[in-house]
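Engineer: I'd like to ask some things about the structure below.
The values are calculated or read from the model by the stated rules, or taken from the named source; none is laboratory data. Please read these numbers as outputs of a predicted model, since none were measured by experiment. Every residue, glycine as well, gets a Cβ built from its backbone with ideal geometry; the counts of neighbours run over all protein chains shown. These accessible areas exclude ligands, DNA and RNA; they are computed on the full protein's heavy atoms, side chains included. Shrake-Rupley method; radii C 1.70, N 1.55, O 1.52, S 1.80 Å.
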Amino acid sequence: MRHEIVLDGFVITSDNSAAIGEKPQDAVYASDVVTAKFAARVALLEQWAAGSEPQAVLLHNFSGADQWAAYMAGLTELFAEAGSVLPPISGSTETNMPTLQSGIAVTMIGKKNRNLAPAESLRWFVYGVPLIGEKVLARADQTADLGLIQKAFGSALVERIWPVGSKGIAQEVALLMGRPVKVSAAIDMNSSGGPATCVLVGVQPKNAERAQRYFGENLFLMKFRL
């Protein structure tokens, strides 16, 4: 389990973004469409990490009524890029108080559709490069492609995934395994993964070479040490 809540068969995941957007006092400038897409990206990846697929999305818009349409466009774009069906979307907008900086949160409610293999039984890779802030936009070609991941699930190439957040790859591996582990890869293991620009990908050992060919140069083998 990462950060999801499982309740009566439903899987609930959430993520948020603050001070990123088009307002003059935002710390990082990005279009509202892109901001929403990356806020929702983490919640979607956490659904997949739990073996579930979203059935509904709640959009929490703290930026104002003018941003709602762009945020909806970002969610639509995310699901299209991921090759997933766009679920029903509802939510709320802060219209009583004007805000000086952008703020958005996305909650997804899903149902499990895959059984999860034990993490220890799989060969694990890092797919994508950990990026934050303006680097997310400047180095988009190094970001894990959700469409490729979804297709890899469909072809039974990938068994499990695990998004990387602000604590970095090494901390996420420990969380995935449920214990401290010694692990290395040809990539920075401690940098923040920002909006999950990189993802841990688990495959059956027999599929390791196939995974390397499929995901290409942004796939990094993780080596575990005793």
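Engineer: Do any strands (runs of 3 or more DSSP E) entirely within segment 157-214 hold 3 or more residues that are within 16 Å of residue 45 (Cα to Cα), and if so, which?
Structural biologist: Numbers: elements: 160-163, 182-184, 199-203.
Counting at least 3 such residues, we get 160-163, 199-203.
Engineer: Of all residues in segment 50-63, which are open to solvent by 10 Å² or more (accessible area, probe 1.4 Å) and outside any strand (DSSP E or B)?
Structural biologist: Across segment 50-63, the qualifying residue is only 62.
Engineer: Next question. Quick check on this structure: which one of 46, 53 is under 18 Å from the mean Cα position of the chain (by Cα) and under 28 Å from residue 190 (Cα atoms)? Spell out the reasoning first.
Structural biologist: Values: 53 fails: under 28 Å from residue 190 (Cα atoms).
Answer to the selection: 46.
Engineer: Could you tell me which residue of segment 189-226 is nearest to the chain's Cα centre (by Cα), considering only residues that are open to solvent by 30 Å² or more (accessible area, probe 1.4 Å), modelled with pLDDT of 95 or more and among the aromatic types (Phe, Trp, Tyr)?
Structural biologist: Among residues in segment 189-226 that are open to solvent by 30 Å² or more (accessible area, probe 1.4 Å), modelled with pLDDT of 95 or more and among the aromatic types (Phe, Trp, Tyr), the one nearest to the chain's Cα centre (by Cα) is 220.
Engineer: Also, quick follow-up: Kindly establish whether residue 36 is at pLDDT 95 or above, part of a helix (DSSP H, G or I) and of a type in the set (Gly, Ala, Ser). First the steps, then the outcome.
Structural biologist: Details: at pLDDT 95 or above: yes; part of a helix (DSSP H, G or I): yes; of a type in the set (Gly, Ala, Ser): yes.
It is true that residue 36 is at pLDDT 95 or above, part of a helix (DSSP H, G or I) and of a type in the set (Gly, Ala, Ser).
Engineer: Same structure, new question: Does residue 55 fit the bill of being at pLDDT 95 or above, within 20 Å of residue 162 (Cβ to Cβ) and of a type outside the set (A, V, I, L, M, F, W, C)? Reasoning before the result, please.
Structural biologist: Working: at pLDDT 95 or above: yes; within 20 Å of residue 162 (Cβ to Cβ): no; of a type outside the set (A, V, I, L, M, F, W, C): yes.
No; evaluated as a whole, the condition is false for this residue.
Engineer: Which pairs do you get when a residue that is under 14 Å from residue 45 (Cβ atoms) and at pLDDT 95 or above, found in segment 132-155, comes within reach of a residue that is open to solvent by 50 Å² or more (accessible area, probe 1.4 Å) and assigned to a helix (DSSP H, G or I), reach meaning Cβ atoms under 9 angstrom, with the pair 6+ apart or on two chains?
Structural biologist: 145/81; 146/81; 147/80; 147/81; 148/214; 152/214
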